[in-house]
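> Let me give you the structure first, and then I'll get to my questions.
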Amino acid sequence: MAAKKKISKLKKSRIISQTVFLSIFIFLLTKTEYHGRDLIAYPVKVFLELDPLILLSTFLSSHTVAVGLYLGLIFVAITVLIGRGFCGWFCPLGALHDLVGSLKKQKKKKPKEETRLDKYGVKAKYYILVGILIAAVFQIHLVGILDPIALTIRSFSVGISPAFNYLVHGFFDLLYRTDIGAVAAVSEPVYEFLRNNVVSFGRPSFQQGSFIGLLFIGILALNFVRKRFWCRYLCPTGALLALISRFSLLNHKLESEECNDCKLCLATCAGGARPYPEDDWRGSECVLCMNCHSICPTQAISFKFGKPEPSARRTDLKRRYVLKAGGVGLASLAMFRLNPVRETGDALLVRPPGSVEEQEFLRRCIKCGECMKVCITNGLHPTFLQAGFEGIWSPILISRIGYCEFNCTLCGQVCPTDAIEHLATEEKQKRKIGLAFIDQNRCLPYAFKISCIVCEEHCPTSPKAILFEPETVITDEGEKELKMPVIDPEVCIGCGICEYYCPVGEEAAIRVSSVGEDRSEKNRILL
Amino acid sequence: MDRRSFLRTLSVGLIGARYVDPTNLFASSPEESTILSIVRGDDVTLATTKALEPLGGMSSFVSRGDVVIVKPNIGWDRTPEQAANTNPHVVATLVRLAYDSGAKKVKVFDNTCNTARRCYKRSGIEEAARGAGADVFLVEERKFKTVDLGGEVLKEWLVYKDALEADKIINVPTLKHHTLARLTISMKNLMGLIGGARNLLHQKLDNSIVDLATFFKPTLTVLDAIRILTANGPQGGNLADVKIGNTIAASRDQVAIDAFGASLFGMTPDDFPHIREAHARGLGEKDLTKVKTIEQSLS
């Protein structure tokens, strides 16, 4: 390429900013875990709180906004001032896109005319945004599926970082198993450091983890089709900011006298902003990546403060399509509402303690997966369709995999939208999230006259919710006294430690289901 | 046992068999002098230290260069006041004494029931033991080794590497209520050294406990009865269930310790199948009248 290798100061600043925020993001993500304190000092939710789309859609769907979400207004202001700095300078997913995109080989040939993908694709994100917002107005909260921050946190929490953990743990296990003293002497302290500070402590793995992880890798791989494919065509947050940036005061300027028509800027643009020729410029697609500014061999491109863009240079959204998108959003509402679980509750839908009533929960939860990341027992997992399609990837407790730790309140602390409220420990210890049931056909004392009551031993409430009744039974070895576990439904909080530790394999002989949960008036069992 | 001591034991045994009433054989052998040392008082550190004195002090258990495991109960995410875990000061004191006796390294760990990181923290044991210089670490899956325990119930089982490699094991249980075993005292505490599907052991808990006691044979057992969980064990949670016991007991004989623990609850050793069985297997003395009890009081 004929372009100079030198990178302009503005582009350099952008790259530094991205690096800093991506590092902070990853740092906070690793800190979103139990590190010996009952309170988490820096959960990664601050990134969600800075996301204006989360603020807007949560407001629309639930009419309540967790205090932290007002931080989103910061980026509304920034966008009015300078445009989509969020996308180009802050968004961790944007940074990852640029990182992956930089692996793509630049084609030598000059860019051709705008392709159909470029021309129509850029509009797709606006229609997606409209669909999400219309749905939100009707209290179907879908934003988390496509919001870049929620998507990234979720994908890291249940897919990418568990995979990374697996590799790290596996690698050091391998070194350890070599049984060579010198190797272990070096590797074990490193491993201990990583285990305490970088990777998750245990080896969490999640339902659908590989699926969600692969989906994310797929999204990153789209950069090989077009750099920042996601940001150009799909990102609803980008679309919202693009709409706001119509009023942005910072604008691109191409000095036509100095331009030598090399069109390098056109090829390097990270959005679909078409920096050349001047009349093609679409400011709302600009993510302020400063690539055009940096690459221009004649320094013909600059960014200057001034009046907002003339309307002719905005992305042209056809009213017809906006209405259509809204229509699709509306139509889908009916489909989402066709969900019997909304009325009956579902046995497997055991929500984390502090979760608000199910309808409101769905209106608030953005499926970011932070609660799953922070859950100390690996008990919280993304649902698939138990909560209906609108509830996809919202958290449920699967006690067979991990129970709810009695003294722990972390999930409520990290939830950005108060779908799970932060309860005081004493309050949490009383909060019923479900009820345990004994399956007498599988329970050792009942079914086989074998003594056990492991469930009773582990029950954390005082008094215990699992009691036992002594019963004298006759076995081949003669008379023997057995202790038969019995559940006190008034005391049981559904934490699931009994199910977790039940020695009966695969399906436990004591299982928690959601009935009797405090948050529901319908899903009841006791008078 | 080397050849010489084997022959010596054999000859003593043969001579004894000829001249002594066989029922008295045990009583007259050198192991007869099972000492149960009991200290009452509320100064935990002093009580723990004093409890070892009648047994010859820590130096009669730990030799220079030994790798020692001090094995408390850290099973539950509970505070010291809730008395579900071993008192952290008892643990720290034993760690310090072991180092004073020349131990090369003292390790403290437990395979917990609640989340290990929370248990280590809230029990206060991690901080106290580390303060005393112990190597306190969380149990890792990869460090369990399948070994033949040679027990009646427990054959092949997963045992923690460090427990297999240690020179000495000092068992430091806390006395508390347990619904199935009725009380959990010293022998049950050894379950924290093994891995695998421990929840299966409840099916034959008494045999399993004795199998473990037989396999590990702790050098010394120190019973923490400073605070005693009297109900809703083994994890408790309600301070109303906790009684102040202000007692430390120490002995080489884990069966005697369990028998003593039972007596604090007003029960007899024969109320406990695992104590009966441990006694029958020759693991120790359940009859406290046949044990030399040395009591001290701090106040």
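The values are calculated or read from the model by the stated rules, or taken from the named source; none is laboratory data. Worth saying up front: this structure is predicted, and the values here are computed from it rather than measured. Every residue, glycine among them, receives a Cβ derived from its backbone with ideal geometry; neighbour counts consider all protein chains shown.
> So how many residues does the stretch A:405-435 have that are in contact with a strand residue (DSSP E or B) (Cβ under 6 Å, 6 or more places away or on another chain), over 21 Å from residue A:61 (Cα atoms) and outside any helix (DSSP H, G or I)?
In the first step, residues of the stretch A:405-435 are kept if they are in contact with a strand residue (DSSP E or B) (Cβ under 6 Å, 6 or more places away or on another chain); the result is A:411-412, A:420, A:434.
Okay, now just the ones that are also over 21 Å from residue A:61 (Cα atoms), so A:411, A:434.
Still in the list and also outside any helix (DSSP H, G or I): A:434.
Residues in the stretch A:405-435 being in contact with a strand residue (DSSP E or B) (Cβ under 6 Å, 6 or more places away or on another chain), over 21 Å from residue A:61 (Cα atoms) and outside any helix (DSSP H, G or I): 1 in total.
> Still on this structure, I have one more. Being hydroxyl-bearing (Ser, Thr, Tyr) and touching a helix residue (DSSP H, G or I) at 6+ places or on another chain (Cβ under 8 Å) is the filter here, so list the residues in the stretch A:245-299 that pass it.
First pass over the stretch A:245-299, keeping only residues hydroxyl-bearing (Ser, Thr, Tyr): A:245, A:248, A:256, A:268, A:276, A:284, A:294, A:298.
Across the stretch A:245-299, the qualifying residues are A:245, A:248, A:256, A:268, A:276, A:284, A:294.
> Also: When you go through B:133, B:150 one by one, which is the residue that is part of a loop (DSSP other than H, G, I, E, B), on the phi > 0 side of the Ramachandran plot and modelled with pLDDT of 95 or more?
Details: B:150 fails: modelled with pLDDT of 95 or more.
Testing whether each residue is part of a loop (DSSP other than H, G, I, E, B), on the phi > 0 side of the Ramachandran plot and modelled with pLDDT of 95 or more leaves just B:133.
> Still on this structure: For the stretch A:381-404, which positions are in a strand (DSSP E or B) and either over 21 Å from residue A:498 (Cβ atoms) or over 13 Å from the mean Cα position of the chain (by Cα) (or both)? Don't jump to the end; show me each part of the working.
If we filter the stretch A:381-404 for residues that are in a strand (DSSP E or B), which is where we start, we get A:381-382, A:395-397.
Within the stretch A:381-404, A:382, A:396, A:397 qualify.
> Look through A:411, A:375, A:415, A:371 and report the one residue that is within 25 Å of residue A:505 (Cβ to Cβ) and touching a residue at least 12 places away in the same chain (Cβ under 8 Å). Break it down stepwise before answering.
Numbers: A:411 fails: within 25 Å of residue A:505 (Cβ to Cβ); A:415 fails: within 25 Å of residue A:505 (Cβ to Cβ); A:371 fails: within 25 Å of residue A:505 (Cβ to Cβ).
None of the others qualify; the one that does is A:375.
> Are there any pairs with C-beta distances below 6 angstrom linking a residue in the stretch A:15-41 that is on the phi > 0 side of the Ramachandran plot to a residue that is of a type outside the set (A, V, I, L, M, F, W, C) and modelled with pLDDT of 95 or more, with the two at least 6 apart or on different chains, and if so which?
A:36/B:121
> Quick check on my filter: what residues within the stretch B:234-260 are under 23 Å from residue A:456 (Cα atoms) and away from every other protein chain (no Cβ under 14 Å)? First the steps, then the outcome.
Quick first cut of the stretch B:234-260, residues under 23 Å from residue A:456 (Cα atoms) only: B:234-243, B:258.
If the condition is that a residue be under 23 Å from residue A:456 (Cα atoms) and away from every other protein chain (no Cβ under 14 Å), then B:243, B:258 are the ones that fit.
> Starting from the stretch A:175-187, keep only residues that are more than 13 Å from chain B (Cβ to nearest Cβ), then list their pairs with residues that are among the aliphatic types (A, V, I, L, M) and in a helix (DSSP H, G or I) whose Cβ atoms are within a distance under 8 Å, requiring at least 6 positions of separation or different chains.
If the second residue must be among the aliphatic types (A, V, I, L, M) and in a helix (DSSP H, G or I), the pairs left are A:183/A:175.
> Still on this structure: Among the residues of the stretch B:68-108, how many are away from chain A (no Cβ under 14 Å), more than 17 Å from the chain's Cα centre (by Cα) and over 13 Å from residue B:126 (Cβ atoms)? Can you show your working first?
Within the stretch B:68-108, the first condition is being away from chain A (no Cβ under 14 Å), and the residues that meet it are B:68-72, B:74, B:80, B:86-108.
Subset that is more than 17 Å from the chain's Cα centre (by Cα): B:80, B:96, B:99-105.
Add one more test, that the residue is over 13 Å from residue B:126 (Cβ atoms), and what stays is B:96, B:99-105.
Of the residues in the stretch B:68-108, 8 are away from chain A (no Cβ under 14 Å), more than 17 Å from the chain's Cα centre (by Cα) and over 13 Å from residue B:126 (Cβ atoms).
> I would also like to ask the following. Looking only at residues in the stretch A:444-463 that are in a helix (DSSP H, G or I) and surrounded by fewer than 19 Cβ atoms within 10 Å (Cβ to Cβ), which one is nearest to the other protein chains (Cβ to nearest Cβ)? Don't jump to the end; show me each part of the working.
Step one: of the stretch A:444-463, the residues in a helix (DSSP H, G or I) are A:444-448, A:454-458.
Pick out the ones that are also surrounded by fewer than 19 Cβ atoms within 10 Å (Cβ to Cβ) and you get A:446-448.
Details: A:446: 14, A:447: 13, A:448: 9 Å.
It comes out as A:448.
> Can you work out which of the residues in the stretch A:200-230 that are in contact with a Phe, Trp or Tyr (Cβ under 7 Å, 6 or more places away or on another chain) and in a loop (DSSP other than H, G, I, E, B) is surrounded by the most Cβ atoms within 10 Å (Cβ to Cβ)?
The qualifying residue surrounded by the most Cβ atoms within 10 Å (Cβ to Cβ) is A:208.
> Pairs only if they're at least six apart or on different chains, beta carbon under 7 angstrom, first in the stretch A:447-475 and under 15 Å from residue A:502 (Cβ atoms), second of a type in the set (Lys, Arg) and surrounded by fewer than 24 Cβ atoms within 10 Å (Cβ to Cβ); list them, first residue then second.
A:451/A:483; A:453/A:483; A:468/A:483
> Is there a residue in the stretch B:31-51 that is in a helix (DSSP H, G or I), at pLDDT below 95 and surrounded by fewer than 18 Cβ atoms within 10 Å (Cβ to Cβ)?
Start the filter on the stretch B:31-51 by keeping residues that are in a helix (DSSP H, G or I), which leaves B:31-32, B:44-51.
Remaining after also requiring at pLDDT below 95: B:31-32.
From what's left, surrounded by fewer than 18 Cβ atoms within 10 Å (Cβ to Cβ): B:31-32.
The answer is yes, given that some residue of the stretch B:31-51 is in a helix (DSSP H, G or I), at pLDDT below 95 and surrounded by fewer than 18 Cβ atoms within 10 Å (Cβ to Cβ).
> Scan the stretch A:488-527 for residues that are out of contact with any Leu (no Cβ under 8 Å at 6 or more places or on another chain) and within 14 Å of another protein chain (Cβ to nearest Cβ) and report the count.
The total comes to 13.
> Does the stretch A:464-487 contain at least one residue that is under 30 Å from residue A:361 (Cα atoms) and away from chain B (no Cβ under 13 Å)?
The first filter runs over the stretch A:464-487 and keeps only residues under 30 Å from residue A:361 (Cα atoms), leaving A:464-466, A:487.
Subset that is away from chain B (no Cβ under 13 Å): A:487.
Yes, because at least one residue in the stretch A:464-487 is under 30 Å from residue A:361 (Cα atoms) and away from chain B (no Cβ under 13 Å).
> Of all residues in the stretch A:269-280, how many are more than 18 Å from residue A:233 (Cβ to Cβ) and crowded, with 20+ Cβ neighbours inside 10 Å?
The qualifying residues number 2.
> Let me ask something else. Can we say residue B:111 is buried (at least 24 other Cβ atoms within 10 Å of the Cβ) and within 14 Å of another protein chain (Cβ to nearest Cβ)?
Details: buried (at least 24 other Cβ atoms within 10 Å of the Cβ): no; within 14 Å of another protein chain (Cβ to nearest Cβ): yes.
The answer is no for residue B:111.
> Restricting attention to the stretch A:343-369, report how many residues are acidic (Asp, Glu) and either in contact with a strand residue (DSSP E or B) (Cβ under 9 Å, 6 or more places away or on another chain) or farther than 25 Å from residue A:63 by Cβ (or both).
Kept after step one, since they are acidic (Asp, Glu), are these residues of the stretch A:343-369: A:343, A:346, A:357-358, A:360.
Then keep just the ones that are either in contact with a strand residue (DSSP E or B) (Cβ under 9 Å, 6 or more places away or on another chain) or farther than 25 Å from residue A:63 by Cβ (or both); that gives A:346.
Final tally of qualifying residues: 1.
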